[in-house]
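Q: Right, I'll just put the structure down here and ask away after.
The values are calculated or read from the model by the stated rules, or taken from the named source; none is laboratory data. What you see is a predicted model, and the numbers here were worked out from it, not measured in a lab. So basically every Cβ, Gly included, is an ideal-geometry build from the backbone, and we count neighbours across all protein chains shown. Surface areas here come from the heavy atoms of the whole protein model, side chains and all, with no ligands, DNA or RNA. Shrake-Rupley method; radii C 1.70, N 1.55, O 1.52, S 1.80 Å.
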Amino acid sequence: MSDRQAVEQTVHLYVEGMAFGNEAALKKAFHPKSSIIGHYQNAVEWLTRDEFIAAILAEEPAPPGTQPFMDIQNVDVEGDAASVKVTDDFAGMRFTDYLSLLKIDGRWTIVSKLYHLHL
């Protein structure tokens with residue numbers, strides 16, 4: 001598998017983990033020290049991975065068999081660093097995410113998520 005494919009696989013793991021409330025998938029996709037940052041409810045939201053996962057798990061997951069919306073618009077890989085722009089839906093909201101990934105011990109992991117909530 002190429003690095004680009006492995007990066008996209010991590011993005012799929014993240015989006016599906018979010019859609020279906022899969023804590024194990026989200027923990028696998030995000031580095032333990034990752035940050036999730038954006039504007040939510042008229043305030044800057046700056047979350048740790050575990051705070052983000054708790055917020056995801058507090059929402060109703062998508063029904064089994066649902067195909068989560070995900071549109072990967074850009075993937076840029078340089079050595080052990082990567083950047084991805086992806087648009088996805090969660091809990092009736094549409095987000096554009098800018099994900100920074102780092103290859104650690106041979107595995108791509110999200111170290112930062114900067115998001116825009118479409119209104």
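Q: Just from its helices, what would the mean residue ellipticity at 222 nm be for the chain, if runs of 4 or more DSSP H residues each count -39500 (n - 2.57) and the sum is divided by every residue, rounded to the nearest 500 deg cm²/dmol? Please list the in-between numbers first.
A: Numbers: 3 runs with 34 residues, N = 119.
One gets -8500 deg cm²/dmol as the mean residue ellipticity at 222 nm.
Q: Regarding segment 3-118, what whole-number volume in Å³ per residue does the convex hull of its Cα atoms give?
A: 97 Å³
Q: Pop out the carbon and sulfur fraction of the accessible area of segment 1-95 as a percent, whole number, probe 1.4 Å.
A: 49 percent
Q: Between Q41 and R4, what is the label-to-label distance in nm when each label sits 7 Å out along the Cα-to-Cβ direction?
A: 4.0 nm
Q: Any idea of the accessible area per residue across the chain, 1.4 Å probe, to the nearest Å²?
A: Working: 6860 Å² over 119 residues.
Counting only protein heavy atoms, the per-residue value for the chain is 58 Å².
Q: Hey, which aspartates and glutamates would be in cross-link range of K85, C-alpha to C-alpha under 18 Å, not counting anything within fewer than 8 residues on its own chain?
A: Counting by Cα, and skipping residues close in sequence, K85 has these aspartates and glutamates nearby: D3, E8, E16, D71, D76, D97.
Q: Under 16 Å from a point placed 7 Å out from the Cα of M93 along the Cα-to-Cβ direction: which residues of segment 23-41 have their backbone N that close?
A: Only 36-41 fall inside the zone, counting backbone N under 16 Å.
Q: Then there's this: By how many nm would the segment from H118 to H31 lengthen if fully extended, with 0.36 nm per residue of separation less the alpha-carbon distance? Each step should come with its number before you reach the end.
A: On the way: separation 87, 0.36 × 87 = 31.32 nm, distance 2.56 nm.
Computed gain between H118 and H31 is 28.8 nm.
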